[in-house]
């Protein structure tokens, strides 16, 4: 966690740049990088609190606050009228977990330990669930891309229904996780990262980092439109590649680190757990929240996202199926991620 | 089988309503529900007869008469000029088996017995076969939806060729099933349902229920167009959701019941066996039959069906792969089915 | 290898027919069939040379010269301004390996030995890699078919980048194969085919057969356009079905033969190894080579190829997953190949 301290200096820098009317691109970059340690602190504080609570309260805390940074950034985006950015950040976050984190973990772990083994049943439950989540998630998009697109109010109703369905699945998944705790590896990066805070410290860190995340999110989101106008980079690309990176860097580090320690069940658990939370909880919460904010966002992904999501769920299922991994599989997940990133960059 | 008796009272009721020119929606519902016990009786009678015959004659009987109710309803639809309804009922029947029946079985079985085990090799053979069947089945649709659609006579020729291919696959599958009987669980719901009829009784029940199915099918099909006009529900939705339910309710009960008894191989066998029969035998028979009737129906599914079929085959393959199931997988298959149903309902 | 000798007589026949201005269809057929023994000789000579070299040089030789016949035919096609033919031959070659060769191997092997077993981990590595390769390979096509197609220079840049990515994956795969030799079955058909040439003989055969391939390719490619004009068969169909057959017949024989000897790991290794080489090495080399020739070819496959490739990768993954095969799976792969062939034939 020591790498966090110097990065925190970027928070006042981002604020200063904003007051000095610096270049939007610079503000975007600085505020984005400043979000990395804040998201990490917020995550660790949540896990430290959850560790002190019972199984149920802990699970609830983890699931509500565990993706707090992503949720705050996303709501800032919705309020700023950037639904494309927010939607892209949902699919980008899932892709990042299934391709980038999983790929880096398998690569580093495989280079160090050769062929690595993990429990195929546990990984299989997660992979099947992820495939199911992706299939539900892509339903509205499919029905709109088709030759007889559904329209207007139907789209919104379908999107809300699918969101409700996703939350129901999440509830079932939570129930299953708590009942079969030994089967579902706990994505508890706090412990792995060597963080042992008392509840009071954790609460203070939680509040402080939340405030920081809120401020940095506002700066970042305000810089998006000027940056798009100045550089020609698309809102979609920023959402699908940049935002997910910022919110998940800390998880990335921990997942790779435990893979390097040959704890593959935990490493897969972090990658799958995080992507399942995004798909089953964050996505529908954003749909309902956006409606409450009066700026409704629907769950209609574009064709590229649909294909990438289905493809990523498929590959990670294949890799999970045999209970073994090697560095080659990791390298190739990374290559797929890079190829997708290139494709997204060249979208008009 | 006791639940069947009171439902039989719906047969005279449906006929009476027709004579009284009652609301088409009422006739549709009553005749649909009346088909449930009739399809169940027809199925049980077929299996009872097959049980008394040798392996070959039994397999032939089961495969020709096992889906007699669905076939009769479908031919009534074709004669009434409702090819959309019939085509949708094919894909709906496969989806119902792979998502609704399998989902309910895994859910009920898993809630009762926790993690359930089954033979992954047997399930794998069925799942691979189902995926292959779906891929062949979607070929005509893909070639027509594409940017350079093939036309007219080519469509019909392609559809007939694919039908011939499907029947060839079915023949190979039948051959394989008979040669490797111990590997392919017998979908023999009659025995599980506690039905032990003598051949003569079975034959009488067979004839009686066939007549009943024919009459109820005619009433149901005649009510479809007025109901569409009155309620705005699409022909596609009726076909993809209502018809398959009616023809398969009895199988549903048995599959769920044996799952509750922890006989997962048999439960999966019923769900897969039924969907394979629909895909490999019923679908091509309808294509050839419709040609003979002078109202040619092609195997061109719409994009929504294509995606749903491929998705359903994929998920059930994933679930079958590890030889284990739990209630969460069941719950999620059901949720996918519900989400698809909602999407289909909102199609214009 | 005895079947090769009489077929070599077709080489002078093809040349004679060209000088006599015979029907282009006849020249196409004769030169295509003449390529079969030449490709076989070229392949055997390469393997014989590789067997005498060390692991690294051998792997390099095999990967560069192992698909020399396909590469020569493809470059003749590019020079003749037939990029559609060449592109189709890439996807056709992958489909041929995954459906036709694998199908024939499983069918013949299964009929002879009943249920056959193979190492699911080795097959799984290949199947996962193949799925990844296919996903990368289809990226440019997906981005161009979409509702907001990318254009012009972006297409070419994306295609070149993807080609570079594929070659990187191939390099990683080669590295992995050499380091884990016992895990990746060597596709060494030379040995299986009972060929034991000295380096000098092998070199002479290599040079002779290369010259033969070059001449026959020129004749074949020159006949393509007149044949299309005369028969109405599409350039796409010739590329996706005919060319891959010609280049791979020898591999087909060996793969089926070792399956008949119940060496399933080797049989799967030949089918997967060959399709991986096409996807990861031949395809990008053609893209770069076509650019050097001033007739740039992009890696943009049409929708039918995309779906067929993804479907083939998927099915072969399913079949590989459980470490067991039977004749039914083989028969069904063949049926899928035939169904695709029929579809491709009817494309306008």
* Distribution of pairwise C-alpha distances over segment A:195-236, 5 Å bins, in % -> 5, 20, 15, 13, 11, 10, 9, 8, 7, 1
* What's the exposure ranking of B:263, C:87, going from fewest to most Cβ atoms within 10 Å? -> B:263, C:87
* Structure fact -> One computes Rg over Rh for the protein assembly as shown from alpha-carbon atoms, with the Kirkwood Rh, and obtains 0.98
* To do: Over the whole of C:164-177, what's the average partner chain Cβ count within 10 Å per residue? Rounded to a whole number, please.
  => 3
* Given N residues in segment C:54-142, what is Rg(Cα) / (2.2 N^0.38 Å)? -> 1.37
* Relative packing of peptides A:196-204, A:322-330, A:284-292, C:108-116 - highest average C-beta neighbours within 10 Å first -> A:322-330, A:284-292, C:108-116, A:196-204
* Structure fact -> Here the gain from full extension of residue A:229 to residue A:164, 0.36 nm per residue of separation minus their alpha-carbon distance, amounts to 19.8 nm
* When A:47, A:218 are ordered from fewest to most other Cβ atoms inside 10 Å of their Cβ, what list results? -> A:218, A:47
* Asked: At a Förster radius of 51 Å, what calculated FRET efficiency corresponds to the Cβ-Cβ distance of residue C:9 and residue C:179, to the nearest 0.05?
  -> 0.70
* Calculate, axis by axis, the spread of Cα positions in segment B:171-320 along the three principal axes, and write the results as whole Å, longest axis first. => 48, 42, 32
* Burial ordering of A:129, A:216, C:241, C:303, fewest other beta-carbon atoms within 10 Å first -> C:303, C:241, A:129, A:216
* **Percentage relative contact order, chain A, counting C-alpha pairs under 8 Å, at least six apart** => 40
* Asked: With contacts defined as alpha carbon pairs under 8 Å and 6 or more residues apart, what's the relative contact order of segment B:1-158 in percent?
  -> 11
* To do: Please work out the FRET efficiency for the pair residue C:16 and residue B:56, using the Cβ-Cβ distance as r and a Förster radius of 56 Å; give the result to the nearest 0.05.
  => 0.50
* Asked: How many percent of Cα pairs in segment A:36-100 exceed 19 Å?
  -> 44
* Return the average number of partner chain Cβ atoms within 10 angstrom of each residue Cβ along peptide B:125-134. => 5
* Calculate the mean, over all residues of peptide A:118-124, of how many other protein chain Cβ atoms lie within 10 angstrom of the residue's Cβ. => 2
* Structure fact -> So the compactness index of segment A:4-346, its C-alpha Rg divided by 2.2 N^0.38 Å, takes the value 0.95
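All of the numbers you see were taken from the coordinates with simple rules; none came from a lab. Just so we're clear, the structure is a prediction, and the values are computed from it rather than from any experiment. Note that we place each Cβ from the backbone using ideal geometry, even for glycine, and neighbour counts take in every protein chain shown.
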